[in-house]
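Quick notes on the structure that follows.
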Amino acid sequence: MKVSVQDISALSLLANPCVGAENLSAALTRVVHLAMEKGAMEDSKTKILTIFHDSFRDTPANKVRMSACVTKSSALEDSLLDNIIIEACTCIIGYFKIDLHEFPNSWASLYAWMNTNGYKPTNQDPFEIYHNDYQTHPEKKCIVSMYIPIVK
């Protein structure tokens, strides 16, 4: 696990909210297909991400609220998705190349790193940015950055 602490700029997003881990894949698929149809995926600045509004630690997986998101661009102006802004903040960022089943342990290790190093989370929601389509990766690995907003 590679970890850094960085200030990030605000992110203006279009979001497809969902409830329950079992619905996240469909929500992400809708966002990706919309971005592809509108040509937004051709722009290297376009990012696909998930925001976690609840914790899997405190909430049953079928009740966790999440938002599948794409960074806002002119190509997506007329979409029917919700507008969300992640405010500029300082984050612990974990960089991972993992299998799908390794997401929970990767989040747990990032939170453990935060606690061990004396950082405290803010009330902003954690999120992850996907850097590849794991289905096209030769080892079916996800390349992902996980973000925990923290108090400076």
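Any chance you could run the full-extension gain for residue 99 through residue 123? It's 0.36 nm times the residue separation minus the Cα-Cα distance, nm to one decimal.
5.8 nm
Using a cut-off of 29 Å between alpha-carbon atoms, which lysines can reach residue 63, once sequence neighbours fewer than 8 places away in the same chain are excluded?
The qualifying lysines are 47, 72, 97, 120, 140, 141.
Net charge around residue 132, counting only other residues with Cβ within less than 12 Å of its Cβ (Lys, Arg = +1; Asp, Glu = -1)?
Taking every Cβ under 12 Å from that of residue 132, the sum is +2.
Grab the other residues whose beta carbon is less than 10 angstrom from that of residue 143, score K and R as +1, D and E as -1, and report the net.
Summing Lys and Arg as +1 and Asp and Glu as -1 gives +1.
Sort out for me the Cα centre separation of the range 81-109 from the range 31-49, rounded to whole Å.
19
Per 0.36 nm of contour for each residue apart, how much would the distance between residue 115 and residue 58 grow if the chain were fully extended, relative to their Cα-Cα spacing?
The residue 115-residue 58 span can extend by a further 18.8 nm.
Give the whole-number value, in cubic angstrom per residue, of the convex hull volume spanned by the C-alpha atoms of the range 24-84.
86
Under a 10 Å cutoff between Cα atoms, tell me which one of 140, 97, 72 has the largest fluctuation in the Gaussian network model of the chain.
Comparing 140, 97, 72 in a Gaussian network model of the chain, the most mobile one is 140.
Using all C-alpha to C-alpha distances in the range 2-150, build P(r) with 5 Å bins and read off the rounded percent in each one.
With 5 Å bins starting at 0, P(r) equals 2, 9, 18, 23, 22, 16, 8, 2, 0.
7 Å from Cα along Cα→Cβ at both residue 143 and residue 5: what's the point-to-point distance in nm?
Label at residue 143, label at residue 5, 2.8 nm between them.
Among residues other than residue 54 whose Cβ falls under 14 Å from its Cβ, what is the net charge (Lys/Arg +1, Asp/Glu -1)? Each step should come with its number before you reach the end.
On the way: positive: 57, 63, 65; negative: 58, 125.
Net of charged neighbours comes to +1.
Values in this text are rule-based calculations from the coordinates and carry no lab data. Owing to the predicted nature of the structure, the values given are computational and were not obtained by experimental measurement. Here the Cβ is made from the backbone with ideal geometry for all residues, glycine too, and neighbour counts use every protein chain on show.
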